[in-house]
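Read the structure below first, then the notes.
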Amino acid sequence: MEEYLEAIRSRRASIMGRVAAAAERAGRSVEDVKVMAVSKTVDVPQVLAAIEAGYRLFGENRPQELVRKLEGLALVPKLPELSFDMIGNLQKNKINTVLGRATCIHSISSAHLAEAVSARAERRMDEGAMAGPQAVLLEVNVSGEASKSGFEPDELRRSMAELVELRGIRIQGLMTMAPQGDKDIARSTFEGLRELRDELADSHPELDLAELSCGMSEDFEEAVLEGSTLIRLGRVVFDPAFTLK
Ligand SMILES: *Cc1c(COP(=O)(O)O)cnc(C)c1O
């Protein structure tokens, strides 16, 4: 574990250096980019190493796994304050598992799901079991790949009027996943996400859509150049064999 901790620490230093360089190139402040460690493929001891290395924000793509990590960490004394976000596909029958436990749900991929999450959150708020609305991001399929989930941009434009009325959720911004394997395509996907956000922010000044969740191990620098405020890094954080290109 010592060796693993060393690996994860030195990798973190390279990641942070690259994030800072990309932010500077884009004329942005590095403080405006949150770095999430996506812990979906590792276990609690690796998460503890990541905490030791300095990560505070984690992401999971399965509700059960998110709960398992939280329960495992609850047994560890003197941990700093942490947040766990839900970043993966969310089925309606799993909403109650993540509600109020996930700091933010990044994967609201349809109006239907938004309504279901909001309705359950409102019920919890009425019961006094949740203090306020659930923070969420709207997942957008910017690249149009058939395999990707999320709102089509036009569908989202049409749904906004109805989404802003939902009292159980607080929409904080947008999320996307870029096609893998081509950094230029990834970059134009992130650019498209930012432009869509700017457009929606103009048409809905009542919302604060500050958050842009985009960028993963292979394309996080492109994401920072295009305005990402939250990069979601899995392999580059946790897999010492992953080559940082
Ligand atoms: C797994 C995952 C990531 C991290 O992917 P890496 O390529 O390992 O960095 C980011 N976002 C989502 C939604 C994921 O499922």
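Coordinate-derived values only; no laboratory data. Just so it is clear, the structure is predicted and the values come from calculations on it, not from any experiment. Quick reminder, even Gly has a Cβ in these numbers, built from the backbone with ideal geometry, and neighbours come from all protein chains shown.
Just want the ordering: Cys214, Cys104, from fewest to most Cβ atoms lying within 10 Å of their own Cβ. Can you show the working numbers first?
Numbers: Cys214 31, Cys104 24.
Final ranking by Cβ density, sparse to dense: Cys104, Cys214.
Need one word for the chain: rounded, prolate or oblate. Basis is the Cα gyration tensor (sqrt eigenvalues a ≥ b ≥ c); a/c below 1.5 gives rounded, then a/b vs b/c decides. Don't skip to the answer; put the middle values down first.
Values: a/c = 1.87, a/b = 1.16, b/c = 1.61.
Oblate, because a/c is 1.5 or more while a/b does not exceed b/c.
So who's got an amide H within less than 5 Å of the one on Val38, skipping anything under 5 residues away but keeping other chains? H placed 1.01 Å off N, in plane.
The list, which skips near neighbours in sequence, is Gly59, Leu233, Gly234.
Pull out the extension gain between Ser149 and His112, defined as 0.36 nm times the separation in residues minus the alpha carbon to alpha carbon distance; nm, one decimal. Can you show the working numbers first?
Working: separation 37, 0.36 × 37 = 13.32 nm, distance 1.33 nm.
That works out to 12.0 nm of additional length.
Non-local amide H neighbours of Gly173 (under 5 Å, H modeled in plane, Pro and chain starts lacking H): which ones?
Leu138, Glu211
Which order, highest average first, do 231-241, 144-154, 123-133, 161-171 follow once you tally other Cβ atoms within 10 Å for each residue and take the mean per peptide? Don't skip to the answer; put the middle values down first.
Working: 231-241: 19.7, 144-154: 14.5, 123-133: 12.5, 161-171: 16.4.
Averaged packing, sorted descending, gives the order 231-241, 161-171, 144-154, 123-133.
Report the full-extension gain for the segment Arg157 to Gln64: residue separation times 0.36 nm, less the Cα-Cα distance, to one decimal in nm.
30.3 nm
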